[in-house]
Number of protein chains: 2
Amino acid sequence: MLTFSEITAAAERLRGVAHRTPILTSRAVNAMFGCEVLMKAENLQRMGAFKFRGGYNAIAALSAAQRAAGVVAFSSGNHAQAVALSAQLLGCKAVIVMPQDAPKLKIDATKGYGAEVVLYDRYTQDRAAIAQQIQTERGGTLIPPYDYLPVMAGQGTCGLEIALDAGRVDSVIICTSGGGLLSGCAIAIKQLLPQCEIFGAEPEAGNDMQQSLRIGEIQTIAVPDTICDGLQTQAVGFEPFKVIKQHVKDILTAKDETVIAMMRLVFERMKMVVEPSGAAALAALYENRERFQGQRVAITFSGGNIDFARFAKLLNS
Amino acid sequence: MLTFSEITAAAERLRGVAHRTPILTSRAVNAMFGCEVLMKAENLQRMGAFKFRGGYNAIAALSAAQRAAGVVAFSSGNHAQAVALSAQLLGCKAVIVMPQDAPKLKIDATKGYGAEVVLYDRYTQDRAAIAQQIQTERGGTLIPPYDYLPVMAGQGTCGLEIALDAGRVDSVIICTSGGGLLSGCAIAIKQLLPQCEIFGAEPEAGNDMQQSLRIGEIQTIAVPDTICDGLQTQAVGFEPFKVIKQHVKDILTAKDETVIAMMRLVFERMKMVVEPSGAAALAALYENRERFQGQRVAITFSGGNIDFARFAKLLNS
């Protein structure tokens, strides 16, 4: 299982490379929610999402010979950009397998970081199999998006910063899909703030992790129909689930309409752009705010990669 | 003339009250501009703009008896909110004179902070005279938006943070209207970074300060027709101009269409919301980027108070 020392080692690799993102607060938001909300702004992270932490840590942990052979990754968007940018920074080649309906901004940004992009159909093709085939044919190291200890450790540095920077925290709610961020943050936060309760947040339409945690076994669902394009994973990863079963209190869900309302709130009150997946934790807190009355609650804005046209279309829908 | 020690005294009053806002960077922005751009994110300041610094400092510097008599202010928006919030935090009453065509978000926020709002027509009425009359009738202290040393000193703490936090800086470009932020920042930055050149940025349609600095005397213009609603002042203040004549190298201008392009860029690449006035410095840098090639240039995002409907209308115009 992922250990705290792997997270502190990741923090060393990321020092001076990843941003130590701010934790923002708003009296207006606190008044609306009935609790003190501490917002970890990973939308201000390099390439616009927390995923940079895991991608960079995984590639930085490779040997020079492994880096010379290049890396392969599959992702609906932000992990793609994370691996592409990290590979560029560390001087190695990257091939990224992305769904053809991923946001254009994310596909373009991945290409912009110098990666080769291979598109697939997320409804009919298996991305892991495609990535595996590319790796078999060309060599190089596969960097999975979440079911991989170096990626989980990198994402855990986000939780480390919450635990170090936020003061007292009663509960933490973390956007989750494959479980990399949630599991990494859970290990870091439980080590430093053992009394803090950890929650995941996922779209109501794609509540596989909520089902999995309540049943105690990984459940697989069809590709969920949600605006949260980064949270459409069909099942939590094996390694993350080991951590989540032990350390996570519950998985909360959020409706797409609440996610949109939170995107507007964050725009107008916090002056920041969050993508739909990035607003899921705040939306889940809002829907479950009765449960957190009077607490100090940290949440993650996991990413901000959305172009203005899609943002406007969602807010006007 | 404003002194550096008044700015450090303001910094003491603001410690733990104002946010020490981050200075953000983006490789994509640097590549596009041909220089290193250091973005001071005052849109993330309390009440969404740098104006909180000056408003709070001015009210905090009053005696208890003065505070008990209340404060009066006139403003196109952000100074209104700054005085309203500061008065609320410091337990005193505030009356704010605002133009009736100010953005609704700003009027509503000012009322939300507990202030009484008096509206006027900016094309036919003199706001300073209205505020003066209210003060004469009801008593209290008038807190002018820029031509007032305690306000200038408060705004100067933004420049103090740039000088302390940004490392080497070759040039600083600061959004300017009445000159409070520009003059305060100029004193702070010239004290700590004497080699750094200071520039103001104003809308091309309202270049009164550019004219004033080049002629050496304050020029007054008609209310300028610009989307930058916070930069429609008709003349620089007397006290700020003393500083600007001595310390500011030049005033740059920006077209409204460039301001809109920068709002989109900041949204998509920096994941942040800046209001039109808040994007003027970045827009002026973009229009004058040949002059700053290879430099490290700090700019201010002076505010982020714009509702989504107006933001969308501008970007789709």
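The values are calculated or read from the model by the stated rules, or taken from the named source; none is laboratory data. Just so we're clear, the structure is a prediction, and the values are computed from it rather than from any experiment. Ideal geometry is used to build each Cβ from the backbone, glycine not excepted, and the neighbour counts take in all protein chains shown. With ligands, DNA and RNA removed, areas are computed over all heavy atoms of the protein, side chains included. Shrake-Rupley method; radii C 1.70, N 1.55, O 1.52, S 1.80 Å.
Quick notes
- Hits in segment B:267-277 - residues which are at the interface with another protein chain (Cβ under 9 Å from one of its Cβ atoms), in a helix (DSSP H, G or I) and surrounded by 24 or more Cβ atoms within 10 Å (Cβ to Cβ): B:270
- Only residues that are hydroxyl-bearing (Ser, Thr, Tyr) and assigned to a strand (DSSP E or B) were counted in segment A:39-83, giving 0.
- Note on segment B:93-112: residues that are touching a strand residue (DSSP E or B) at 6+ places or on another chain (Cβ under 8 Å) and within 25 Å of residue B:64 (Cα to Cα) total 7.
- Conditions (1) touching a His at 6+ places or on another chain (Cβ under 8 Å); (2) farther than 30 Å from residue B:285 by Cα; (3) open to solvent by 10 Å² or more (accessible area, probe 1.4 Å): number failed by residue B:44: (2)
- Within segment A:91-100, considering residues that are more than 15 Å from residue A:72 (Cβ to Cβ) and more than 19 Å from the chain's Cα centre (by Cα), the one least open to solvent (accessible area, probe 1.4 Å): A:91
- Residue count for segment B:140-170 satisfying the condition of being open to solvent by 30 Å² or more (accessible area, probe 1.4 Å) and over 22 Å from the mean Cα position of the chain (by Cα): 2.
- For residue A:259: the one exception among (1) within 21 Å of residue A:22 (Cβ to Cβ); (2) more than 14 Å from chain B (Cβ to nearest Cβ); (3) assigned to a helix (DSSP H, G or I): (1)
- The condition of being part of a helix (DSSP H, G or I), assigned by TED's automatic domain parsing to the domain that holds residue A:295, open to solvent by 30 Å² or more (accessible area, probe 1.4 Å) and at pLDDT 95 or above holds for only one of A:210, A:195, A:191, that being A:191.
- For segment B:291-311, the candidate set comprises residues that are open to solvent by 10 Å² or more (accessible area, probe 1.4 Å) and free of Cβ contacts under 8 Å to residues at least 60 places away in the same chain; within that set, the residue that is nearest to the other protein chains (Cβ to nearest Cβ) is B:309.
- Hits in segment B:47-76 - residues which are open to solvent by 10 Å² or more (accessible area, probe 1.4 Å) and more than 13 Å from the chain's Cα centre (by Cα): B:56, B:60, B:61, B:62, B:63, B:64, B:65, B:66, B:67, B:68, B:69, B:74
- Residue match in segment A:84-100 (condition: outside the structural domain of residue A:14 (by TED's automatic domain parsing), assigned to a helix (DSSP H, G or I) and modelled with pLDDT under 95): no
- Taken over segment B:117-131, the criterion of being open to solvent by 80 Å² or more (accessible area, probe 1.4 Å) and in contact (Cβ under 8 Å) with a residue 12 or more places away in the chain is satisfied by B:119, B:123.
- When A:28, A:73, A:65 are screened for being touching a residue at least 60 places away in the same chain (Cβ under 8 Å) and more than 20 Å from residue A:301 (Cα to Cα), only A:73 passes.
- Members of segment A:10-29 found to be in a helix (DSSP H, G or I) and open to solvent by less than 40 Å² (accessible area, probe 1.4 Å), listed by number: A:10, A:11, A:14, A:28, A:29
- Considering B:178, B:154, B:114, the condition of being under 22 Å from residue B:60 (Cβ atoms) and part of a helix (DSSP H, G or I) is satisfied by B:154 alone.
- Within segment B:278-290, the residues that satisfy the criterion of being open to solvent by less than 10 Å² (accessible area, probe 1.4 Å) and either over 16 Å from residue B:267 (Cβ atoms) or small (Gly, Ala, Ser) (or both) are B:278, B:279, B:280, B:281, B:283, B:284, B:285.
- Residue list for segment B:229-258, filter: of a type in the set (A, V, I, L, M, F, W, C), surrounded by fewer than 16 Cβ atoms within 10 Å (Cβ to Cβ) and either under 11 Å from residue B:210 (Cα atoms) or without any contact (Cβ under 8 Å) to a residue 24 or more places away in the chain (or both): none
- Screening A:226, A:220 for residues that are open to solvent by less than 30 Å² (accessible area, probe 1.4 Å), within 20 Å of residue A:76 (Cα to Cα) and part of a loop (DSSP other than H, G, I, E, B) leaves exactly one candidate, A:226.
- Subset of segment B:278-290 (residues that are among the small types (Gly, Ala, Ser) and either assigned to a loop (DSSP other than H, G, I, E, B) or more than 14 Å from chain A (Cβ to nearest Cβ) (or both)): B:280, B:281, B:283, B:284
- Only a single criterion out of (1) free of Cβ contacts under 8 Å to residues at least 12 places away in the same chain; (2) within 14 Å of chain A (Cβ to nearest Cβ); (3) more than 18 Å from residue A:19 (Cβ to Cβ) is not satisfied by residue B:50, namely (1).
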